[in-house]
Amino acid sequence: MKLKNTLVIVGIVVVACIIAYLLFTNVYLKMPHPANVSRDKDYSYEPIMLLDSDDNPHIIWESDDADGDLWDSEIYYTKWNGENWVNDKGEIVDKYRINLNISENSFDSGLGYFFLDSKNYPHVLWFDSRVLGGGHTVYRKWDENGWVDIKGSTESTYYSDFDNPIGTSDVVMDSDDNLHVITHVSVPRGDTFDYRIGYLKRIDGKWINIFGDEYSKDNDFLGIVIPSIVDLKIQVDSSGYPCILWTDDDYDTDGFIYFIRWNGEDWVNVAGESCNIGFENSRIYDKLVDIFRVDFMLDSDDNPHIFMNYFSEKIEEYDYCLLIYYVKWDGKKWINEKGTIKNSFDEKNWSLKMGYSDSLVFSFDLDSKNQPHICFSSWVENIGTNIYYAHLDGDTWKTASGEFFDKDMKSGSLSQNYYSSWQPSLAIDSDDFPHICWRDNLRWETYDEIMYVKWNGESWVCADGTPYKPSRYKGE
(Lines give C-alpha, C1' and ligand atoms only; values in the text may rest on other atoms or scores of the structure.)
Protein backbone atom coordinates (compact mmCIF):
# COMPACT_ATOMS: atom_id res chain seq x y z
CA MET A 1 0.00 0.00 0.00
CA LYS A 2 2.83 2.33 0.92
CA LEU A 3 4.55 1.58 -2.39
CA LYS A 4 1.33 2.29 -4.28
CA ASN A 5 0.93 5.67 -2.59
CA THR A 6 4.54 6.51 -3.39
CA LEU A 7 3.98 5.68 -7.04
CA VAL A 8 0.85 7.85 -7.11
CA ILE A 9 2.76 10.78 -5.60
CA VAL A 10 5.61 10.31 -8.08
CA GLY A 11 3.09 10.16 -10.91
CA ILE A 12 1.45 13.38 -9.76
CA VAL A 13 4.84 15.10 -9.52
CA VAL A 14 5.80 13.92 -13.01
CA VAL A 15 2.51 15.12 -14.49
CA ALA A 16 2.87 18.46 -12.70
CA CYS A 17 6.39 18.83 -14.08
CA ILE A 18 5.18 18.05 -17.58
CA ILE A 19 2.36 20.59 -17.30
CA ALA A 20 4.73 23.18 -15.90
CA TYR A 21 7.17 22.53 -18.75
CA LEU A 22 4.46 22.86 -21.37
CA LEU A 23 3.20 26.07 -19.82
CA PHE A 24 6.73 27.41 -19.69
CA THR A 25 7.58 26.56 -23.28
CA ASN A 26 4.21 27.69 -24.67
CA VAL A 27 3.77 30.83 -22.60
CA TYR A 28 7.02 32.13 -21.18
CA LEU A 29 9.31 31.04 -24.00
CA LYS A 30 6.95 32.55 -26.54
CA MET A 31 6.65 35.85 -24.72
CA PRO A 32 8.45 38.50 -26.71
CA HIS A 33 11.64 39.84 -25.23
CA PRO A 34 10.92 43.25 -23.62
CA ALA A 35 13.58 44.84 -25.83
CA ASN A 36 11.96 43.44 -28.98
CA VAL A 37 10.50 46.27 -31.05
CA SER A 38 9.50 44.49 -34.27
CA ARG A 39 7.67 41.29 -33.21
CA ASP A 40 6.34 40.91 -36.73
CA LYS A 41 6.89 37.15 -37.18
CA ASP A 42 9.07 37.91 -40.20
CA TYR A 43 12.75 38.59 -40.89
CA SER A 44 13.44 42.11 -39.66
CA TYR A 45 16.72 43.85 -40.48
CA GLU A 46 18.61 47.08 -41.35
CA PRO A 47 17.21 49.26 -38.53
CA ILE A 48 17.82 53.01 -38.47
CA MET A 49 17.10 54.89 -35.24
CA LEU A 50 16.84 58.61 -34.47
CA LEU A 51 15.93 60.49 -31.30
CA ASP A 52 13.42 63.35 -31.31
CA SER A 53 13.64 66.55 -29.25
CA ASP A 54 12.20 64.67 -26.23
CA ASP A 55 14.83 61.91 -26.55
CA ASN A 56 12.19 59.41 -27.66
CA PRO A 57 13.40 56.88 -30.26
CA HIS A 58 11.96 56.60 -33.77
CA ILE A 59 12.93 53.43 -35.65
CA ILE A 60 12.47 52.22 -39.20
CA TRP A 61 13.48 48.83 -40.59
CA GLU A 62 12.92 46.36 -43.40
CA SER A 63 10.95 43.17 -42.96
CA ASP A 64 10.61 40.15 -45.25
CA ASP A 65 7.75 37.70 -45.18
CA ALA A 66 8.38 34.58 -43.11
CA ASP A 67 8.48 32.49 -46.27
CA GLY A 68 11.76 34.17 -47.18
CA ASP A 69 10.44 35.82 -50.33
CA LEU A 70 13.14 38.38 -51.14
CA TRP A 71 10.76 40.29 -53.40
CA ASP A 72 8.32 41.06 -50.63
CA SER A 73 10.13 43.24 -48.09
CA GLU A 74 8.35 46.22 -46.54
CA ILE A 75 9.35 49.35 -44.63
CA TYR A 76 8.15 49.60 -41.03
CA TYR A 77 8.11 52.64 -38.74
CA THR A 78 7.45 53.04 -35.02
CA LYS A 79 8.21 55.52 -32.27
CA TRP A 80 8.16 55.48 -28.47
CA ASN A 81 5.75 58.07 -27.06
CA GLY A 82 6.99 57.80 -23.48
CA GLU A 83 4.66 54.93 -22.58
CA ASN A 84 4.16 52.72 -25.64
CA TRP A 85 5.48 51.92 -29.08
CA VAL A 86 3.06 53.59 -31.49
CA ASN A 87 2.62 53.90 -35.23
CA ASP A 88 2.67 57.02 -37.40
CA LYS A 89 -0.86 57.97 -36.29
CA GLY A 90 0.00 57.63 -32.60
CA GLU A 91 -1.94 54.36 -32.27
CA ILE A 92 -0.53 51.67 -29.98
CA VAL A 93 0.96 49.00 -32.21
CA ASP A 94 -0.96 45.80 -32.72
CA LYS A 95 0.26 42.37 -31.63
CA TYR A 96 2.37 41.62 -34.69
CA ARG A 97 3.19 45.21 -35.70
CA ILE A 98 1.17 44.95 -38.91
CA ASN A 99 -0.05 48.55 -38.57
CA LEU A 100 3.56 49.81 -38.78
CA ASN A 101 3.93 49.09 -42.51
CA ILE A 102 4.41 52.38 -44.39
CA SER A 103 5.53 51.10 -47.81
CA GLU A 104 2.73 48.58 -48.51
CA ASN A 105 4.37 47.45 -51.69
CA SER A 106 3.70 44.10 -53.33
CA PHE A 107 7.35 43.88 -54.37
CA ASP A 108 10.65 44.73 -52.70
CA SER A 109 11.24 47.94 -50.69
CA GLY A 110 14.86 48.53 -49.72
CA LEU A 111 15.65 50.96 -46.91
CA GLY A 112 17.72 54.02 -47.67
CA TYR A 113 17.60 57.14 -45.44
CA PHE A 114 15.69 58.38 -42.42
CA PHE A 115 15.39 61.91 -40.96
CA LEU A 116 13.40 63.75 -38.31
CA ASP A 117 12.58 67.36 -39.09
CA SER A 118 12.24 70.31 -36.70
CA LYS A 119 8.68 69.21 -35.84
CA ASN A 120 9.84 65.65 -35.06
CA TYR A 121 8.08 64.40 -38.19
CA PRO A 122 9.71 61.44 -39.99
CA HIS A 123 11.06 61.60 -43.54
CA VAL A 124 11.88 58.27 -45.21
CA LEU A 125 13.59 57.42 -48.49
CA TRP A 126 13.66 53.87 -49.83
CA PHE A 127 14.35 52.07 -53.07
CA ASP A 128 11.16 50.60 -54.46
CA SER A 129 11.02 47.71 -56.93
CA ARG A 130 7.40 48.16 -57.90
CA VAL A 131 8.25 46.80 -61.32
CA LEU A 132 10.19 43.53 -61.31
CA GLY A 133 13.70 44.18 -62.57
CA GLY A 134 13.49 47.94 -62.07
CA GLY A 135 12.73 50.55 -59.48
CA HIS A 136 13.36 54.03 -58.15
CA THR A 137 13.79 56.02 -54.96
CA VAL A 138 10.57 56.79 -53.06
CA TYR A 139 10.36 59.72 -50.64
CA ARG A 140 7.65 60.10 -48.02
CA LYS A 141 7.32 62.50 -45.12
CA TRP A 142 4.71 62.70 -42.38
CA ASP A 143 2.78 65.92 -41.80
CA GLU A 144 -0.64 66.95 -40.53
CA ASN A 145 -2.24 65.32 -43.58
CA GLY A 146 -0.48 61.99 -43.24
CA TRP A 147 2.25 60.61 -45.50
CA VAL A 148 2.94 62.92 -48.44
CA ASP A 149 5.48 62.94 -51.27
CA ILE A 150 8.21 65.52 -51.81
CA LYS A 151 5.67 67.91 -53.35
CA GLY A 152 3.36 67.63 -50.35
CA SER A 153 0.76 65.55 -52.17
CA THR A 154 -1.18 62.74 -50.50
CA GLU A 155 -2.32 61.51 -53.92
CA SER A 156 1.14 60.29 -54.92
CA THR A 157 1.74 56.86 -56.39
CA TYR A 158 4.87 54.76 -56.36
CA TYR A 159 5.65 56.15 -59.78
CA SER A 160 5.82 59.75 -58.48
CA ASP A 161 9.18 59.18 -56.87
CA PHE A 162 11.84 61.31 -55.17
CA ASP A 163 11.72 63.78 -58.08
CA ASN A 164 15.50 64.06 -57.83
CA PRO A 165 16.94 64.64 -61.31
CA ILE A 166 20.54 63.53 -60.67
CA GLY A 167 20.28 60.33 -58.64
CA THR A 168 21.34 59.70 -55.07
CA SER A 169 24.63 58.50 -53.58
CA ASP A 170 24.00 60.17 -50.23
CA VAL A 171 21.48 62.61 -48.78
CA VAL A 172 21.27 64.68 -45.60
CA MET A 173 18.76 67.08 -44.02
CA ASP A 174 19.90 70.44 -42.63
CA SER A 175 18.57 72.35 -39.60
CA ASP A 176 16.03 74.16 -41.84
CA ASP A 177 14.58 70.82 -42.99
CA ASN A 178 16.10 71.17 -46.49
CA LEU A 179 17.47 68.11 -48.27
CA HIS A 180 20.98 68.07 -49.75
CA VAL A 181 21.72 65.35 -52.29
CA ILE A 182 25.04 64.22 -53.73
CA THR A 183 25.74 61.75 -56.50
CA HIS A 184 28.40 60.66 -58.95
CA VAL A 185 28.17 59.60 -62.58
CA SER A 186 30.67 57.99 -64.90
CA VAL A 187 32.21 59.94 -67.78
CA PRO A 188 33.93 58.03 -70.63
CA ARG A 189 37.67 58.66 -71.00
CA GLY A 190 39.17 56.51 -73.74
CA ASP A 191 38.92 52.88 -72.70
CA THR A 192 38.04 53.75 -69.11
CA PHE A 193 35.90 56.17 -67.10
CA ASP A 194 36.23 59.17 -64.86
CA TYR A 195 33.60 60.21 -62.35
CA ARG A 196 31.86 63.53 -61.83
CA ILE A 197 30.33 64.55 -58.51
CA GLY A 198 26.94 66.27 -58.59
CA TYR A 199 25.12 68.20 -55.85
CA LEU A 200 21.62 69.68 -55.44
CA LYS A 201 19.68 71.25 -52.58
CA ARG A 202 15.90 71.11 -52.20
CA ILE A 203 14.49 74.45 -51.02
CA ASP A 204 11.06 76.06 -51.47
CA GLY A 205 9.95 73.17 -53.66
CA LYS A 206 12.85 73.57 -56.10
CA TRP A 207 16.19 71.89 -56.71
CA ILE A 208 19.07 74.37 -56.76
CA ASN A 209 22.78 73.92 -57.41
CA ILE A 210 25.76 74.99 -55.31
CA PHE A 211 25.48 78.59 -56.58
CA GLY A 212 21.78 78.88 -55.74
CA ASP A 213 20.63 78.59 -59.37
CA GLU A 214 17.61 76.45 -60.17
CA TYR A 215 18.54 73.08 -61.57
CA SER A 216 19.11 72.45 -65.24
CA LYS A 217 20.87 69.51 -66.81
CA ASP A 218 23.94 71.67 -67.48
CA ASN A 219 24.54 73.14 -64.01
CA ASP A 220 24.16 70.35 -61.47
CA PHE A 221 27.75 69.11 -61.34
CA LEU A 222 30.46 70.59 -59.19
CA GLY A 223 33.39 70.58 -61.58
CA ILE A 224 34.91 67.74 -59.55
CA VAL A 225 36.23 65.00 -61.83
CA ILE A 226 38.14 62.08 -60.31
CA PRO A 227 39.40 58.73 -61.68
CA SER A 228 37.59 56.54 -59.14
CA ILE A 229 35.10 56.88 -56.32
CA VAL A 230 33.57 54.41 -53.89
CA ASP A 231 32.16 55.85 -50.67
CA LEU A 232 30.66 59.32 -51.24
CA LYS A 233 29.30 61.01 -48.11
CA ILE A 234 27.85 64.45 -47.41
CA GLN A 235 27.20 66.53 -44.29
CA VAL A 236 26.08 70.17 -43.96
CA ASP A 237 27.87 72.66 -41.71
CA SER A 238 26.34 75.37 -39.50
CA SER A 239 26.33 77.81 -42.45
CA GLY A 240 24.31 75.39 -44.56
CA TYR A 241 27.29 74.58 -46.81
CA PRO A 242 28.02 71.00 -47.91
CA CYS A 243 31.09 69.04 -46.82
CA ILE A 244 32.05 65.97 -48.84
CA LEU A 245 34.09 62.86 -48.06
CA TRP A 246 35.04 60.09 -50.48
CA THR A 247 37.56 57.36 -51.15
CA ASP A 248 38.93 56.18 -54.48
CA ASP A 249 39.57 52.64 -53.25
CA ASP A 250 37.91 50.56 -55.98
CA TYR A 251 38.00 47.25 -54.01
CA ASP A 252 40.68 45.86 -56.33
CA THR A 253 43.36 48.40 -55.43
CA ASP A 254 44.01 50.52 -52.35
CA GLY A 255 43.01 54.16 -52.40
CA PHE A 256 43.12 57.58 -50.72
CA ILE A 257 40.53 59.33 -48.57
CA TYR A 258 39.51 62.90 -49.46
CA PHE A 259 37.67 65.64 -47.59
CA ILE A 260 36.52 68.98 -49.07
CA ARG A 261 34.03 71.69 -48.11
CA TRP A 262 32.25 74.61 -49.77
CA ASN A 263 33.07 78.04 -48.29
CA GLY A 264 30.42 79.98 -50.20
CA GLU A 265 32.64 80.70 -53.18
CA ASP A 266 34.91 77.74 -53.81
CA TRP A 267 35.75 74.19 -52.81
CA VAL A 268 38.51 74.10 -50.19
CA ASN A 269 40.26 71.43 -48.18
CA VAL A 270 39.85 71.01 -44.43
CA ALA A 271 42.45 73.75 -43.77
CA GLY A 272 40.56 76.24 -45.97
CA GLU A 273 43.03 76.06 -48.88
CA SER A 274 41.70 75.95 -52.44
CA CYS A 275 41.66 72.41 -53.76
CA ASN A 276 44.38 71.74 -56.32
CA ILE A 277 44.09 69.64 -59.47
CA GLY A 278 43.65 66.01 -58.48
CA PHE A 279 42.77 67.04 -54.92
CA GLU A 280 46.11 65.86 -53.59
CA ASN A 281 45.98 68.55 -50.87
CA SER A 282 42.58 67.23 -49.75
CA ARG A 283 43.79 63.77 -48.79
CA ILE A 284 43.49 62.77 -45.16
CA TYR A 285 46.34 60.25 -45.43
CA ASP A 286 49.40 60.21 -47.65
CA LYS A 287 49.36 56.44 -47.97
CA LEU A 288 47.24 54.11 -50.09
CA VAL A 289 45.07 51.99 -47.81
CA ASP A 290 42.53 49.16 -48.07
CA ILE A 291 39.34 50.81 -46.79
CA PHE A 292 36.10 48.90 -46.50
CA ARG A 293 33.89 51.75 -45.31
CA VAL A 294 34.34 55.39 -44.31
CA ASP A 295 31.87 57.88 -42.83
CA PHE A 296 31.97 61.18 -40.97
CA MET A 297 30.09 63.74 -38.85
CA LEU A 298 30.64 67.42 -38.08
CA ASP A 299 30.90 68.63 -34.50
CA SER A 300 29.55 71.89 -33.07
CA ASP A 301 32.67 73.69 -34.39
CA ASP A 302 32.13 72.24 -37.89
CA ASN A 303 35.23 70.06 -37.53
CA PRO A 304 34.94 66.61 -39.15
CA HIS A 305 35.21 63.38 -37.16
CA ILE A 306 35.86 60.31 -39.29
CA PHE A 307 35.47 56.60 -38.64
CA MET A 308 36.71 54.02 -41.11
CA ASN A 309 37.13 50.26 -41.48
CA TYR A 310 40.59 49.09 -42.47
CA PHE A 311 41.58 45.52 -43.37
CA SER A 312 44.74 44.19 -41.74
CA GLU A 313 46.39 40.97 -42.86
CA LYS A 314 47.56 39.74 -39.45
CA ILE A 315 46.87 41.04 -35.94
CA GLU A 316 47.86 38.81 -33.03
CA GLU A 317 45.84 35.58 -33.25
CA TYR A 318 43.63 36.83 -36.11
CA ASP A 319 44.65 35.84 -39.63
CA TYR A 320 42.42 38.51 -41.10
CA CYS A 321 41.24 41.40 -38.99
CA LEU A 322 39.01 44.41 -39.54
CA LEU A 323 40.14 47.46 -37.60
CA ILE A 324 38.24 50.65 -36.83
CA TYR A 325 40.16 53.90 -37.12
CA TYR A 326 39.05 57.23 -35.71
CA VAL A 327 40.48 60.65 -36.60
CA LYS A 328 39.29 64.22 -36.23
CA TRP A 329 40.37 67.66 -37.38
CA ASP A 330 41.28 69.82 -34.38
CA GLY A 331 41.39 73.06 -36.38
CA LYS A 332 45.03 72.64 -37.36
CA LYS A 333 45.75 68.97 -38.02
CA TRP A 334 44.30 65.48 -38.20
CA ILE A 335 44.69 63.65 -34.89
CA ASN A 336 43.54 60.43 -33.27
CA GLU A 337 42.03 60.04 -29.82
CA LYS A 338 45.47 60.30 -28.23
CA GLY A 339 46.12 63.63 -29.92
CA THR A 340 48.68 61.96 -32.18
CA ILE A 341 49.00 63.02 -35.80
CA LYS A 342 47.93 60.08 -37.93
CA ASN A 343 49.32 60.62 -41.40
CA SER A 344 49.66 56.95 -42.22
CA PHE A 345 48.14 53.67 -41.13
CA ASP A 346 50.02 51.71 -38.51
CA GLU A 347 48.56 48.74 -36.63
CA LYS A 348 49.99 49.99 -33.34
CA ASN A 349 47.85 53.15 -33.63
CA TRP A 350 44.47 51.62 -34.38
CA SER A 351 41.61 52.85 -32.24
CA LEU A 352 39.30 49.85 -31.94
CA LYS A 353 39.59 46.29 -33.10
CA MET A 354 36.89 44.06 -34.53
CA GLY A 355 37.41 40.37 -34.96
CA TYR A 356 36.37 39.09 -38.37
CA SER A 357 32.72 40.08 -38.66
CA ASP A 358 29.83 38.98 -40.86
CA SER A 359 28.21 42.41 -40.98
CA LEU A 360 31.16 44.81 -40.97
CA VAL A 361 28.81 47.52 -39.76
CA PHE A 362 29.34 50.33 -37.28
CA SER A 363 27.26 53.33 -36.17
CA PHE A 364 28.49 56.43 -34.35
CA ASP A 365 27.38 59.77 -32.94
CA LEU A 366 28.85 62.79 -31.14
CA ASP A 367 27.75 64.00 -27.71
CA SER A 368 27.39 67.55 -26.40
CA LYS A 369 31.13 67.70 -25.67
CA ASN A 370 31.97 66.63 -29.24
CA GLN A 371 33.16 63.26 -27.97
CA PRO A 372 32.51 60.24 -30.22
CA HIS A 373 30.42 57.21 -29.28
CA ILE A 374 30.46 54.09 -31.43
CA CYS A 375 28.74 50.72 -31.55
CA PHE A 376 29.58 47.90 -33.92
CA SER A 377 28.97 44.21 -34.48
CA SER A 378 31.85 41.79 -34.33
CA TRP A 379 32.42 38.07 -34.37
CA VAL A 380 34.78 36.83 -31.67
CA GLU A 381 35.76 33.20 -31.22
CA ASN A 382 33.86 31.40 -28.43
CA ILE A 383 31.61 34.45 -28.02
CA GLY A 384 29.79 34.82 -31.35
CA THR A 385 28.62 37.93 -33.17
CA ASN A 386 27.69 40.60 -30.65
CA ILE A 387 27.01 44.31 -30.43
CA TYR A 388 29.79 46.30 -28.77
CA TYR A 389 29.66 49.87 -27.49
CA ALA A 390 32.41 52.32 -26.53
CA HIS A 391 32.76 56.06 -26.01
CA LEU A 392 35.79 58.30 -25.86
CA ASP A 393 36.46 59.74 -22.39
CA GLY A 394 39.45 62.06 -22.68
CA ASP A 395 41.91 59.92 -24.62
CA THR A 396 40.55 56.53 -23.51
CA TRP A 397 37.81 54.35 -24.99
CA LYS A 398 35.42 53.20 -22.26
CA THR A 399 32.27 51.12 -21.90
CA ALA A 400 28.94 52.61 -20.83
CA SER A 401 29.71 51.88 -17.17
CA GLY A 402 33.05 53.68 -17.43
CA GLU A 403 35.28 50.60 -17.59
CA PHE A 404 38.27 50.50 -19.90
CA PHE A 405 37.20 49.17 -23.32
CA ASP A 406 39.28 46.09 -24.04
CA LYS A 407 40.41 46.07 -27.66
CA ASP A 408 40.58 42.28 -27.45
CA MET A 409 36.77 42.32 -27.20
CA LYS A 410 36.60 41.00 -23.64
CA SER A 411 34.50 43.97 -22.51
CA GLY A 412 31.88 46.28 -23.96
CA SER A 413 29.60 43.51 -25.26
CA LEU A 414 26.01 44.73 -25.09
CA SER A 415 23.84 42.08 -26.74
CA GLN A 416 25.66 39.02 -25.32
CA ASN A 417 23.91 36.83 -27.84
CA TYR A 418 25.99 33.76 -28.62
CA TYR A 419 24.72 33.56 -32.19
CA SER A 420 23.81 36.64 -34.21
CA SER A 421 23.51 40.31 -33.26
CA TRP A 422 24.43 42.81 -35.92
CA GLN A 423 23.40 45.91 -37.95
CA PRO A 424 23.48 48.38 -35.01
CA SER A 425 22.18 51.95 -35.03
CA LEU A 426 23.30 54.43 -32.35
CA ALA A 427 22.02 57.82 -31.17
CA ILE A 428 23.08 59.99 -28.21
CA ASP A 429 20.45 61.79 -26.13
CA SER A 430 20.53 65.20 -24.41
CA ASP A 431 22.12 63.64 -21.30
CA ASP A 432 24.90 62.18 -23.48
CA PHE A 433 23.54 58.66 -22.88
CA PRO A 434 23.54 56.11 -25.75
CA HIS A 435 20.46 54.54 -27.31
CA ILE A 436 21.10 51.49 -29.49
CA CYS A 437 18.95 49.27 -31.68
CA TRP A 438 20.09 46.27 -33.71
CA ARG A 439 19.05 43.14 -35.56
CA ASP A 440 19.02 40.05 -33.36
CA ASN A 441 18.26 36.36 -33.70
CA LEU A 442 16.53 35.74 -30.37
CA ARG A 443 16.28 32.58 -28.30
CA TRP A 444 12.52 32.63 -28.04
CA GLU A 445 11.59 33.99 -31.48
CA THR A 446 11.93 32.08 -34.72
CA TYR A 447 12.99 34.98 -36.92
CA ASP A 448 15.34 37.95 -36.70
CA GLU A 449 13.92 40.86 -34.72
CA ILE A 450 14.77 44.50 -33.99
CA MET A 451 15.97 45.18 -30.44
CA TYR A 452 16.20 48.53 -28.63
CA VAL A 453 17.91 49.51 -25.37
CA LYS A 454 19.20 52.69 -23.76
CA TRP A 455 21.66 53.54 -21.01
CA ASN A 456 20.03 55.25 -18.00
CA GLY A 457 23.26 56.21 -16.24
CA GLU A 458 23.54 52.96 -14.33
CA SER A 459 22.47 50.11 -16.60
CA TRP A 460 21.03 49.14 -19.98
CA VAL A 461 17.23 49.20 -19.96
CA CYS A 462 14.39 48.69 -22.44
CA ALA A 463 12.13 51.54 -23.56
CA ASP A 464 9.77 51.07 -20.61
CA GLY A 465 12.62 51.01 -18.08
CA THR A 466 12.71 47.21 -17.76
CA PRO A 467 16.30 46.06 -17.12
CA TYR A 468 17.79 44.59 -20.27
CA LYS A 469 18.69 40.92 -20.00
CA PRO A 470 20.46 39.22 -22.91
CA SER A 471 18.31 36.81 -24.88
CA ARG A 472 20.97 34.14 -24.49
CA TYR A 473 24.59 33.67 -23.71
CA LYS A 474 26.89 30.65 -24.02
CA GLY A 475 26.86 28.67 -20.81
CA GLU A 476 23.37 29.68 -19.72
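The values are calculated or read from the model by the stated rules, or taken from the named source; none is laboratory data. These figures come from a predicted structure and were not determined experimentally. As a convention, Cβ positions derive from the backbone with ideal geometry for all residues, glycine included, and neighbour counts pool all protein chains shown.
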query: Is region 185-206 home to any residue that is at negative phi, in contact with a helix residue (DSSP H, G or I) (Cβ under 9 Å, 6 or more places away or on another chain) and aromatic (Phe, Trp, Tyr)?
result: no
message: Looking only at region 81-106, filter to residues that are touching an Asp or Glu at 6+ places or on another chain (Cβ under 7 Å) and surrounded by 15 or more Cβ atoms within 10 Å (Cβ to Cβ); which one of those is modelled with the lowest pLDDT?
response: ARG97
message: Being in contact with a Gly (Cβ under 9 Å, 6 or more places away or on another chain), at pLDDT 75 or above and either closer than 28 Å to ILE182 by Cα or of a type outside the set (A, V, I, L, M) (or both): is that true of LYS119 here?
response: no
query: What residue, among those in region 247-281 that are closer than 20 Å to PHE292 by Cβ and at pLDDT 90 or above, is surrounded by the most Cβ atoms within 10 Å (Cβ to Cβ)?
result: TYR258
- request: Would you please name the residue that is modelled with the lowest pLDDT, looking only at residues in region 196-235 that are out of contact with any strand residue (DSSP E or B) (no Cβ under 6 Å at 6 or more places or on another chain) and in a strand (DSSP E or B)?
  value: GLY223
- request: Filter region 447-470 down to the residues that are more than 23 Å from GLU403 (Cα to Cα) and modelled with pLDDT under 90, then identify the one that is surrounded by the most Cβ atoms within 10 Å (Cβ to Cβ).
  value: GLU449
statement: Within region 122-153, of all residues that are at pLDDT below 90 and β-branched (Val, Ile, Thr), the one surrounded by the fewest Cβ atoms within 10 Å (Cβ to Cβ) is VAL131
- line: Given (1) modelled with pLDDT of 80 or more; (2) surrounded by fewer than 23 Cβ atoms within 10 Å (Cβ to Cβ); (3) within 25 Å of ASP295 (Cα to Cα), SER401 misses just (3)
statement: Residue pairs qualifying under the 8 Å Cβ cut-off, at least six apart or on distinct chains, with the first in region 156-183 being surrounded by fewer than 16 Cβ atoms within 10 Å (Cβ to Cβ) and assigned to a loop (DSSP other than H, G, I, E, B) and the second being among the acidic types (Asp, Glu) and modelled with pLDDT of 65 or more, are SER160/ASP149; ASP163/ASP149; PRO165/ASP220
query: Taking region 32-61 only, how many residues are under 24 Å from MET173 (Cα atoms) and of a type in the set (D, E, K, R)?
result: 4
- prompt: In region 46-80, what count of residues is obtained for those that are modelled with pLDDT of 95 or more and over 19 Å from the mean Cα position of the chain (by Cα)?
  reply: 2
- line: Flagged in region 292-309 as closer than 14 Å to TYR258 by Cα, surrounded by 20 or more Cβ atoms within 10 Å (Cβ to Cβ) and out of contact with any Pro (no Cβ under 9 Å at 6 or more places or on another chain), in numbering order, are VAL294, PRO304, ILE306, MET308
- request: Of all residues in region 206-230, count the ones that are among the hydroxyl-bearing types (Ser, Thr, Tyr) and either touching a residue at least 12 places away in the same chain (Cβ under 8 Å) or surrounded by fewer than 10 Cβ atoms within 10 Å (Cβ to Cβ) (or both).
  value: 2
